[in-house]
Amino acid sequence: MRNRCSHQEPLIRPDADTEREYLDFQWENLLWVARVIDPKAADWIRSQSRVPTLRKLRPVHSASDLANLPKAEFMMPGPERDRLVGLILDGTKIATAALLLDYVECADPLPRTGNRSVLVNSDDHGVAVLATTDVAVIRLADVTDQHAIDEGEGDTTAAEWRRTHEMFWDSDEYRAEFRDPSFPLDDDTLVVLEHFTVTQRL
């Protein structure tokens, strides 16, 4: 006896090449079944699930994919960069910060949720793919203790975090890169806070 549903496309595609393709296909199947049962149920599932966001964080499969991603460079090449790379790879560091003025000076777009980049070490070798999970532009005075902790560099309060970052932002080496190195640094200075996750090791 033939399966009474054999005229329909099988729920599990037999030629799925990767686990992620398989999971993508299962997600579409779930929505299809939900729409058959109750269209409102499908809308509710889609609105509540994080799957659509996670599906965007696809792994990099080729050298050309990597070449098309921007570099994520923390500090200058050297021991400090390699220390930060280690903190990112072990999950201790999940956030970073930059002055908004830095983006303006470089004419760089602000990071956006879902953006991907290649984390590089001091040898300029890619070691991981990062995906941005959250971005906020706030006053320096409004940075929270939690963000200080998320940066994973040993600061446990916003006050400690601010002292550490102001030492760097006030350094002659850093300010020399700006057209006007005398820019003010006070409570109202805008900073870009970015959270990220490692989606793939290289």
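The values are calculated or read from the model by the stated rules, or taken from the named source; none is laboratory data. Here the structure is a predicted model, which means the values were calculated and not measured. Reconstructed Cβ throughout: ideal geometry from the backbone, glycine too, with neighbour counts over all protein chains shown.
For the range 104-134, a tally of residues being touching a Ser or Thr at 6+ places or on another chain (Cβ under 8 Å), among the β-branched types (Val, Ile, Thr) and within 21 Å of LEU190 (Cα to Cα) returns 3. Taking the condition at pLDDT 95 or above and among the charged types (D, E, K, R), does GLU177 pass? When the stated conditions are applied, GLU177 does not pass them.
Tell me, which residue of the range 131-148 that is crowded, with 19+ Cβ neighbours inside 10 Å and more than 17 Å from THR199 (Cα to Cα) is farthest from the chain's Cα centre (by Cα)? So, considering only residues that are crowded, with 19+ Cβ neighbours inside 10 Å and more than 17 Å from THR199 (Cα to Cα), the one farthest from the chain's Cα centre (by Cα) is LEU140. Note on the range 79-125: among residues that are over 29 Å from ASP145 (Cβ atoms) and small (Gly, Ala, Ser), the one that is modelled with the highest pLDDT is SER122. In the range 67-89, is there at least one residue being of a type in the set (A, V, I, L, M), within 25 Å of TYR174 (Cα to Cα) and without any contact (Cβ under 8 Å) to a residue 24 or more places away in the chain? Yes, the range 67-89 contains a residue that is of a type in the set (A, V, I, L, M), within 25 Å of TYR174 (Cα to Cα) and without any contact (Cβ under 8 Å) to a residue 24 or more places away in the chain.
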